[in-house]
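Below is one structure; the comments refer to it alone.
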Amino acid sequence: MKRAPRLTQWIRKTETFKKLSTLPLNFVLNFVLIVPFAIMIFLSFTTWEPLSGYDWWHAPVAGVPRFIEAFGDARLLWAFIRTTVFVAVVLPLEFLLGLGMALLFLGDFRGKRAFTSVLMYPMMMPWVVVGLGFYLMFQYYGPVNLLLLKPMFGEGGMVDWFTNAVLAFGAVMIADIWQWTPLMFLIIYAGLAAVPRRLIEAAQVLGASSARIVATVHLPLIKPLLVVALIIRGLEAFKVFDIVYIMTRGGPGVNSTEVISLYVYNLSIVYHNTSYACAVSLLIMVATALVTRLAIRPLEVKVE
Amino acid sequence: MSKPEEKKISRRTYLQVAGGTIVGLAVGGALGYLATPPKMVTTTETETYTLTAGPGAGVSDRAVAGAKQLVASGAVPAGATLKLLHVAGSKNNFEPFFAYWEAETGTKVEVVTLGGEPDVYTKAMAEATAKTGAFDIITIFSTWKGDVIESGLAKDLTDYYNKYNPEYGSQYPDTTVIEPLADYTTMYKGRRYAVDLDADVFTLTYRKDLLENPDYASQFRSKFGYDLKVPDTWEEVKDVSKFFNELNLKASDGEKVYGAYFYADPGWAAFTTWLCIFVSKGGILFSPTDMKAMINTQEGIDATQVMADLVPYMHPDALSMDWASLYKRYSEGKAVLTMAWPSLIKWAQDPSTSQVVGKSGSALAPGSRVTVGGKEILLKAANNPVNWIGVVSNYSKYPELGYLFWQWVVSPVIGADAVTRVGIMDIHRNCWFKPPYRAAFEKAYTPQFLDVFADCIAHSFPDLMIKGSSEYLDKLTKNINAACVKSKTPKAAVDDTAKDWEPITDRLGRNAQLEAWKSMIALYPADVQDVWKAKGYIS
């Protein structure tokens, strides 16, 4: 029998080659992810900002004053509350709309493939484009007022969306729901389509109604998928930035629609309060990790 | 019908075909690359320069001679390239001149464009931290001057000014950048850190055809008891705006013609409209003794009240849309009074963008009646929001060459051609208002605008240009917008801003901020300083 060359043998057997082949990836990961993250942690324990007049690596460690400051920061608290409200509103709505559409699409109808493709388009659009589109749509002389509210309620029914905090935040939520409901639809539809046909037929034979089949067959079977969809979308919604930045910039007035990501952006980019922005980011990251950990607990199955 | 037979391709065949294709492409590409003759780099002179010989030719001549000397001495290698960081979409003022600069000096300029104005700031501040030397020269808003200087990015250009003489100052009355513009856009704590590229002084723009209409004039007189005219004070602005708003005139598309459009949105409200009203009322932003915020004085409350009072007569976009909406709405004929940068008049005069061509007039910004030494005077002060300036990076390999390019491109001769092109730069040198340069500028701006604008510059005052100005103005502009959308009272808006400003000053260092603010006070027009003295704000 012909023997494999030495080099091939070495490659097959040795662990060194395996480790060496991960080097490029390790290098990229370290410099793109871990090093900046370490710098962020370091800066959060300093009071450095670009306007300090010295380089960040010369910044003296100041301890935890930035973290203490964060716990007493009313603007951060309000940004957190607004972000939570945003997630609490858009996530269930996107879920319910996505579920409803997925159930509708389970049956066959003419043009189903075309409709499915069209439904995907909002998700494929850049956030900035969606934000700008909805920003223009909700202007006083925009289509929402001129084509919807004016014909229904007359000129007096036209609304100045971006001069009222609640309406402005509502417009942002509508934009988010429009863009991300298709994601929910896609995930849920994929799950529902994979439910074995025989289980549904068995339930039908036993006389179960369509609603009961959905509640007792479909949903329990795709529960892990639903949890994953909710976590992914929930985390994304918590990080919302682009559409708020484009549509309201945190206004009208003083930060009335400011969410956490926008606040951190303002801290670091507009105010150059870099070390404080790092401390706030770190706290948010820890909080998000804890919430995610709790959310995925139901998915963990103990293996005996 | 029988099922078509599946074509089976073995893994081996697939790998052979795929591998062969890749190798073929690679070899073919390499051979193609080697076979291609080297690219001929040719410069085609497509630009027509309309350079006018006139006063100040020495400014560009000295810049070119300086650049040549740098190359000849070996300080700068021949063919060296300057990287210019610049906002996207507005390269027209500079780019046509790169080939000319190269032909004159043997060095090149390459422009690196970014999306919007805030992106330039973000990138510049990132460069201040990273110190890569990726950009040699940068165009920024003068508002950010304090930040780019204090962060170490902007180089002190005082020595270059002395060496090459760009002809700034009263000793060069024919050619200088009009005072006080030259000083406040380029100086910081007594040193020159920038070259002025622009004059962004706000000018009142109005619908001349409506204000000169005899029917409206008689209606106005019977309603307000005085003649309809270009408003001199902010109180008159309110009357004129109210009058035209209530006429319910219709623009060509059937939408309402509003009385006014003044920036009141969360992005621009403070350092455009509000600051102009505030200063004209004799307000001062900070105390020159302890740097305490002084925006919540009676002047601050009154200025905010004026803005809130104007809101019912303004186009709704004024409260929420970005700056460009003003240009669009005014040019659609949907506002009677407005105030904006000089480029508005170019926009309103262009038939491709405007329905009010030939119907606009320009005037110095309205003022306020204030009492000085027991005598009432009309104080007018025009603000200069964001004025573009050119800075040189401290991390550039060729800082002197970078400075020389700035001096050259806005010199009286070259600048006369550069500035009249559509772009970010606007007229700012004395000589450009006079022959032989004036004809080109009249064509771009209209003669009436030129007559008014030199006066506007002379009455202008700078943006807040100290360290942290972005943060100070962000807090102020949001509060002013809050008062305009009625979510705060004018008093609460300025009180809250003052409260927000104190921790910023403490964080950035009260003494250092005070020093910077004191040097800024000296840059305000003399009549504004006189009012401050009369009020006891400064000594």
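The values are calculated or read from the model by the stated rules, or taken from the named source; none is laboratory data. Since the model is a prediction, treat every value here as computed from it, not as a measurement. Positions of Cβ are generated from backbone atoms using ideal geometry, with glycine treated the same way; all protein chains shown enter the neighbour counts.
See the values below:
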quantity	calculated
Cross-chain or 6+ apart pairs with Cβ under 6 Å, the range A:264-279 first and facing chain B (nearest Cβ under 10 Å) and surrounded by fewer than 21 Cβ atoms within 10 Å (Cβ to Cβ), then part of a helix (DSSP H, G or I) and modelled with pLDDT under 95	A:ILE269/B:THR122; A:VAL270/B:SER470; A:VAL270/B:ASP474
Flag if B:TYR395 is modelled with pLDDT of 95 or more and away from every other protein chain (no Cβ under 14 Å)	no
Scan of the range B:97-118 for residues that are within 17 Å of B:ASP474 (Cβ to Cβ) and more than 10 Å from chain A (Cβ to nearest Cβ), ordered by number	B:GLY116, B:GLU117
Some residue of the range B:247-254 being more than 26 Å from A:ASN164 (Cβ to Cβ) and assigned to a helix (DSSP H, G or I)	yes
Residues that are within 14 Å of another protein chain (Cβ to nearest Cβ), aromatic (Phe, Trp, Tyr) and in a helix (DSSP H, G or I), drawn from the range A:85-144	A:PHE134, A:TYR135
Close pairs from the range A:30-55: first touching a residue at least 24 places away in the same chain (Cβ under 8 Å) and away from chain B (no Cβ under 14 Å), partner among the β-branched types (Val, Ile, Thr) and buried (at least 20 other Cβ atoms within 10 Å of the Cβ), Cβ under 9 Å, at least 6 apart	A:SER44/A:VAL280
Matching residues, the range B:467-490, being facing chain A (nearest Cβ under 7 Å) and part of a helix (DSSP H, G or I)	B:SER470, B:GLU471, B:ASP474, B:LYS478, B:ASN479, B:ASN481, B:ALA482
Pairs with Cβ under 6 Å, 6+ apart, first in the range B:52-81 and at pLDDT below 95, second β-branched (Val, Ile, Thr) and surrounded by 15 or more Cβ atoms within 10 Å (Cβ to Cβ)	B:PRO55/B:THR175; B:GLY56/B:THR175; B:ALA57/B:VAL413; B:ALA78/B:VAL71
Helices (runs of 4 or more DSSP H) completely within the range B:168-240 that count 3 or more residues being over 30 Å from B:VAL356 (Cα atoms)	B:181-186
Criterion violated by B:ARG221 - all others in (1) farther than 30 Å from B:GLY536 by Cβ; (2) within 14 Å of chain A (Cβ to nearest Cβ) satisfied	(2)
The range B:489-510 - residue that is out of contact with any Ser or Thr (no Cβ under 7 Å at 6 or more places or on another chain) and among the hydrophobic types (A, V, I, L, M, F, W, C) and, of those, modelled with the lowest pLDDT	B:LEU508
Any chance A:ALA175 is modelled with pLDDT of 95 or more, crowded, with 22+ Cβ neighbours inside 10 Å and within 13 Å of chain B (Cβ to nearest Cβ)	no
Unmet requirement for B:PRO385, which otherwise passes all of (1) free of Cβ contacts under 8 Å to residues at least 60 places away in the same chain; (2) within 30 Å of B:THR139 (Cα to Cα)	(1)
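Residues are listed down the side, and each one gets a yes or a no for (1) surrounded by fewer than 16 Cβ atoms within 10 Å (Cβ to Cβ); (2) small (Gly, Ala, Ser); (3) more than 14 Å from chain B (Cβ to nearest Cβ); (4) assigned to a helix (DSSP H, G or I):
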| residue | (1), (2), (3), (4) |
| --- | --- |
| A:ARG198 | yes, no, yes, yes |
| A:GLU201 | yes, no, yes, yes |
| A:ILE213 | no, no, yes, yes |
| A:VAL217 | no, no, yes, yes |
| A:GLY234 | no, yes, yes, yes |
| A:VAL240 | no, no, yes, no |
| A:TYR245 | no, no, no, yes |
| A:GLY251 | no, yes, no, no |
| A:VAL286 | yes, no, yes, yes |
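Per-residue answers, yes or no, for (1) without any contact (Cβ under 8 Å) to a residue 12 or more places away in the chain; (2) more than 19 Å from the chain's Cα centre (by Cα):
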site: B:MET321; (1), (2): no, no
site: B:LYS328; (1), (2): yes, no
site: B:TRP347; (1), (2): no, no
site: B:ALA381; (1), (2): no, no
site: B:LEU404; (1), (2): no, yes
site: B:GLY415; (1), (2): no, no
site: B:ARG421; (1), (2): no, no
site: B:ILE427; (1), (2): no, no
